[in-house]
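The values are calculated or read from the model by the stated rules, or taken from the named source; none is laboratory data. All values derive from a computational prediction rather than experimental measurement. Cβ: placed from backbone, ideal geometry, glycine included. Neighbour counts: every protein chain shown. Surface areas here come from the heavy atoms of the whole protein model, side chains and all, with no ligands, DNA or RNA. Shrake-Rupley method; radii C 1.70, N 1.55, O 1.52, S 1.80 Å.
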Amino acid sequence: MADPYKTLGVARTATEADIKKAYRKLAKELHPDRNKDNPKASERFSQVTNAYDLLSDRDKRARFDRGEIDGDGNPASPFGGGFGGGASGRPGYGPPPGGGFRSQGFDFPGGSDTGDMSDIFEGLFGGGTRAAGGGFQGGFGRRQPPPKGADIQYKLQVSFTDAATLAPQRVTLGDGKAIEVKLPAGLQSGTQMRLSGKGEPGAGGAGDAIVTIEVQPHRFFERDGDDVRINLPIALGEAVLGGKVKAPTVENAVMLTIPAGTSSGRTLRLKGKGFHKKGGGRGDQLVTLMVDVPADDAALREFVEGWAGRDGGNPRASMGV
């Protein structure tokens, strides 16, 4: 017959707090979920729990200290009631004193100790749930929730300008319903969006819809990180004399000032006209000017041939040629 004090490793004068502390420490070390391949640990866990059950009940502890019940909570005398053991004090098979039930080596009384046991298990393992009227559900471990439904994969093709401006998109789900989704900042081709509860139904709730974004190329815009690049043709007169011209952006056209004497390849920056950044803010639009020289213009040819400064200076001198 086990001595509950020795089982928990506490003195007979131990306080309730000492007993609870000793039990929590042992229960955490010996819990079957942490010792799945160690049957001895499971057996020891059962003994520790029985000992705590007895010593945490003031009435049972007092009766044990007086020798009225044994370490299993059974009457030490055959005349103590129920189907207890004989004079030898061997445990019987009757219900434990005070009502309740015994299962898998645990004695759960009908009194308030059941709630205390639940609190301990919840504190140690965080997964137990209290059944209606008291008690602790889930055996040794956490009860597994019912499985959710399967996720469904979708592909969403987004235009270049919609991706840059984060324009709302509509997605048609497998059940035929169309929903509007908001694009995330920092998106690019391959970015995935998770729509919670829009997947297959299941016992534990519906799965999710996984939407993979594909950004479509544009006929004259190109992406450079968070910036947008464009080659903008300008007339020879605009390049020579300067002026204002319309330039397209991912949102709308804006007026762009061309400095006089502009050469092809000069790049102007339009602030905040690029892609939305993941950390906030936006990239820029970089406009590279390309001077459009007429291929067959007799007047222009005649002017250049008579232009006194046509041979003035070598624009390739810096290249050593």
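Relative contact order of the range 147-291: what whole-number percent is it, with Cα pairs under 8 angstrom and at least 6 residues apart?
Here the relative contact order equals 25 percent.
Using only the alpha carbons of the range 248-321, what is the convex hull's orientation-averaged projected area in square nanometres?
Values: hull surface 33.7 nm².
Computed as one quarter of the Cα hull surface, the answer is 8.4 nm².
How many percent of the accessible area of the range 164-321 is carbon or sulfur, using a 1.4 Å probe?
Within the range 164-321, the accessible surface is 50 percent carbon and sulfur.
Which pairs, out of K148/K277; K40/K60; K148/K177, put more than 30 Å between their alpha-carbon atoms?
Cα-Cα > 30 Å for K148/K277; rest within.
Starting from the exponent 0.38 and prefactor 2.2 Å, build the expected Rg for the range 150-241 from its residue count and divide its actual Cα Rg by it.
For the range 150-241, the normalised Cα radius of gyration is 1.53.
Per 0.36 nm of contour for each residue apart, how much would the distance between L300 and T288 grow if the chain were fully extended, relative to their Cα-Cα spacing?
1.9 nm
Could you rank the peptides 174-185, 191-202, 215-226, 49-60 by their average count of other C-beta atoms within 10 Å per residue, with the highest value first?
In decreasing order of mean packing, 174-185, 191-202, 215-226, 49-60 become 49-60, 191-202, 215-226, 174-185.
I'd like the distance between the alpha-carbon centres of the range 1-35 and the range 278-292, rounded to an integer number of Å.
The range 1-35 and the range 278-292 have Cα centres spaced 70 Å from each other.
Hey, with R₀ at 41 Å, roughly what FRET efficiency would M255 and S189 work out to, going by the Cβ-Cβ distance, to 0.05?
0.80
Apply the Karplus curve 6.51 cos²θ - 1.76 cosθ + 1.60, θ = phi - 60°, to the phi angles in the range 47-55 and return the couplings in whole Hz, x for Gly and Pro.
After applying 6.51 cos²θ - 1.76 cosθ + 1.60, I find 5, 5, 5, 4, 5, 5, 4, 6, 6 Hz.
Report Rg(Cα)/(2.2 N^0.38 Å) for the range 193-321, keeping two decimals.
It is 1.71.
Convert 25 °C to kelvin, take the viscosity as 0.890 mPa s, use the Kirkwood radius over C-alpha pairs of the range 186-236 as Rh, and evaluate the Stokes-Einstein diffusion coefficient in µm²/s, rounded to a whole number.
My calculation gives 172 µm²/s for D.
List the aspartates and glutamates whose alpha-carbon lies under 15 Å from that of K20, not counting same-chain residues fewer than 8 positions away?
Straight-line reach from K20, under 15 Å: E29, D53, D57, D113, D116, D119, E122.
Roughly what would the spin-label model give for T15 and L241, points 7 Å off Cα along C-beta, in nm?
Each label point lies 7 Å from its Cα, and together they span 9.7 nm.
Report the calculated FRET efficiency for R58 and T212 (r = Cβ-Cβ distance, R0 = 51 Å), to the nearest 0.05.
Values: r = 63 Å, r/R0 = 1.23.
The pair R58/T212 has a calculated efficiency of 0.20.
Rounded to whole Hz and in sequence order, give me ³J(HN,Hα) for the range 228-241 from the Karplus expression 6.51 cos²θ - 1.76 cosθ + 1.60, θ = phi - 60°, writing x for Gly and Pro.
10, 10, 8, 9, 10, x, 9, 6, 4, x, 5, 5, 6, 8
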